[in-house]
Amino acid sequence: MSALAQWLNVPLPVFIAILAVYGILIFASLFIRILRARGVEAGELLARTRSWWVMVSLFTVAVFLYRPASAIFLGLISYLALKEYFSIIPTRKIDRVVVLLAYLAVPVQFWFAYRNDYGLFSVFIPVWMFLALPTVMAIKGETAGYLKSVGIMSWGLMMTVFTLSHMAYLLFSGDQVNPVAKGAGLLFFLVFVAQFNDVAQFTWGKLFGRHKITPQVSPKKTWEGFLGGVATSIVVAGLIGPFLTPMDWRWAALSGGIIAVAGFLGDITESAFKRDLGVKDAGSLIPGHGGILDRVDSLTYAAPVFTHFLRYFFYP
Amino acid sequence: MIALLRRLFFAGPVRLLILLIMGLNVRGRDRLPASGPAIIVANHNSHLDTLTLISLMPPALLPRLRPVAALDYFLKNRVLAWFALNIIGILPIDRAGGANPLTGSNRALAEGSILILYPEGSRGLPEQRSAFKRGVALLVKENPAVPVIPVFMHGLGKALPKGTKLFVPFVCDVFVGAPVPWTGDARSYMAALTAAMDGLEAEGHFPPWE
C-alpha cells in the first residue's frame, strides 16, 4: 500500500484516509440498498449518496494527484460558486463588466495560493479587489443602486473566492509545517471534518431535533443537531488529526470543534441570504444537494477560520 | 468534412462554453424531441440561445437540427454566412418577401429535420419577451402532425445581450414544456403557444436585472 501511495505521490496517511472515505461511501450505499430492499422510500438519500460518490471521486483525483490540477480544480469550485451567486442576486445591467472583473479575480487569487505567496494571497481580494470594484463602478457613472451593488458584489467575492481559496492555501503552504502528511493532509482534515460535520448535524437533528436555533433563518436547524454534530466532529477530529496534521489529539479535537461551529455559522449565513433572495437552493448542479454553494457553505467559514487558527499556533 | 467540423465545434468549445463556463439549469429535458421531424419554439434573447439548445440535444441528432434564421442578418458578410450555413446549420428565411417563406421549412420538416424557431423575430431587449409572430402558426397549420415543443430560456440575455460582444457568464435557465398541438386555427394556436410560454416563465424565479 505504501508503494502505491508513493507511486501516486500521495502521503501515506492521506492515502489511507482517502481509502477510508471510499469505505464509508460503500457502507452508505449498501445501507441504502438494504433500506430500499425493505421498502423504505430513500430516493433523496440515494441521490445525495450518488452525488457524494461523484464529489469524492472528483475531489480525491483532482486534489491529490497533480498540484497544478489541484489549484485549477479548487479554483473551479470558487468560480462555480461565484457564478451561482451572481446568477441569483439582483444585478444592474451596467455592472456586467464588474461581474467579469470579479470572475477574473479567481485565477489570480488561486495563483497566489499556488505560489504560496501569503502576502498577496491575503490582501488581493480584501484590499485590491475591494478597492477596484467600486472604482470601476464609479467610473461607469451610474449612481442609482451603486451602494447596494458595491455591497452585494464585495460580499459575494469574499464569500465564494477569498474564503474558499484558503483550501488551496492550506494545500500549498502546509508541506513545511506538516512533514508527514503534507499540505494534502491539512486540506483533507479540513474538508473531511467540515463535510462530516454537515452530515452529523443533519443526522443528529433528524433523530433527536426538538429545539430550533434559528427559526427565522433555517427552521430545520436544532440545538440537538448542532451539539450532536459538534461533539461528533470533536471526536472524529481528535482521532484522525494526529495522523493528518501537526496537532496532537487535544489540539486536533479543539480544531474539530472550531470547524464544526464555523461550519454551522457558514451554513446559517448562506441560509439567511438565500432566504432574503427568496430561493431555496443556490443552484441545481449537484443532484440531491442543490447548487455548489449549498454544498460548500460551511467551508466558507470553516476554511479561513481553521487556516488562521492553524497558522497562529503551528506555522513558524 | 464540414459535418465533422460542425460536430467537433458543438462537442468541444460549445459544450465547454455553455455547460461549464456558463452553466445551465434545465427542467423537462426529457421533453426535447428524440427524433425528427419536430419544431422547437423558443424565446430569443441572445446569439447563445441557439448554441444552448443545440448543446442540450444528443450529438447524433445534430445533422437534423436546423435553426431558422433571417437571410438578411446572417448572410450579410461571407465569413458569417459560411459559418451560419455550415457550422450552425441555419435554415435561411427570406424576410423580404417574394417566394413563400414557408417553403424551406416545409421541405426540411418533410426530410425529418428538427427546426429551432424564434417567433419573436428578433433578440429584442435583453430578458424581455415580445409577442410571437404568426408565421409559426402558419407553419404548424401546414404540418399539424409535427410535435411543437415550447422552450423558455432565461439569463442568456444577461450573458450576451444584443449589441455587445462582451460575454459574461451567468447560470441560465432552460425550461422545456409539453408539446402544443395544432388547435385548428392560427389565432387560437398563437394563444395556446403564448400561454405555454407564460406558464414556463412563471415556473422560474428570476432576480431583478435593471
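The values are calculated or read from the model by the stated rules, or taken from the named source; none is laboratory data. This one's a predicted model, so the numbers in the text were calculated from it and none came from an experiment. In this analysis, Cβ positions are derived from the backbone assuming ideal geometry, glycine residues included, and neighbour counts consider all displayed protein chains.
Worth pointing out:
- Helices (runs of 4 or more DSSP H) within region A:1-70 that include 3 or more residues farther than 22 Å from A:L187 by Cα: A:12-37, A:43-64
- Which numbered condition B:A110 fails, given (1) at pLDDT below 85; (2) surrounded by fewer than 14 Cβ atoms within 10 Å (Cβ to Cβ): (1)
- The residues of region B:185-210 that are touching a residue at least 60 places away in the same chain (Cβ under 8 Å) and touching a Phe, Trp or Tyr at 6+ places or on another chain (Cβ under 9 Å), listed by number, are B:L193, B:T194, B:M197, B:E201, B:E203.
- All strands (runs of 3 or more DSSP E) inside region B:105-177 with 2 or more residues being within 12 Å of chain A (Cβ to nearest Cβ): B:172-176
- Inspection of region A:128-145 finds a residue satisfying the criterion of being surrounded by fewer than 17 Cβ atoms within 10 Å (Cβ to Cβ), outside any helix (DSSP H, G or I), more than 14 Å from chain B (Cβ to nearest Cβ) and not hydroxyl-bearing (S, T, Y).
- Region A:259-303, residues that are within 14 Å of another protein chain (Cβ to nearest Cβ), among the aliphatic types (A, V, I, L, M) and not in a loop (DSSP other than H, G, I, E, B): A:L277, A:I286, A:I292, A:L293
- Subset tally (residues that are surrounded by fewer than 17 Cβ atoms within 10 Å (Cβ to Cβ) and hydroxyl-bearing (S, T, Y)) for region A:97-121: 1
- Restricting the first member to region A:64-92 and to residues that are within 11 Å of chain B (Cβ to nearest Cβ) and small (G, A, S), and the second to residues that are surrounded by fewer than 22 Cβ atoms within 10 Å (Cβ to Cβ) and not in a helix (DSSP H, G or I), the beta-carbon pairs closer than 8 Å and six or more apart or on different chains are A:S87/B:P207.
- Within region A:242-254, the set of residues being buried (at least 20 other Cβ atoms within 10 Å of the Cβ), assigned to a helix (DSSP H, G or I) and either among the β-branched types (V, I, T) or in contact with a Phe, Trp or Tyr (Cβ under 6 Å, 6 or more places away or on another chain) (or both) comprises A:L244 only.
- Residue count for region A:219-235, restricted to those that are touching a Ser or Thr at 6+ places or on another chain (Cβ under 9 Å) and in contact (Cβ under 8 Å) with a residue 40 or more places away in the chain: 1.
- When we screen A:V61, A:V10, A:V108 for residues that are touching a residue at least 40 places away in the same chain (Cβ under 8 Å) and β-branched (V, I, T), the only hit is A:V10.
- Number of positions in region A:71-114 that are modelled with pLDDT of 95 or more and outside any helix (DSSP H, G or I): 0
- Those residues of region B:69-92 which are modelled with pLDDT of 80 or more, aliphatic (A, V, I, L, M) and either surrounded by 12 or more Cβ atoms within 10 Å (Cβ to Cβ) or not in a helix (DSSP H, G or I) (or both), in sequence order: B:A69, B:L80, B:A81, B:A84, B:L85, B:I87, B:I88, B:I90, B:L91
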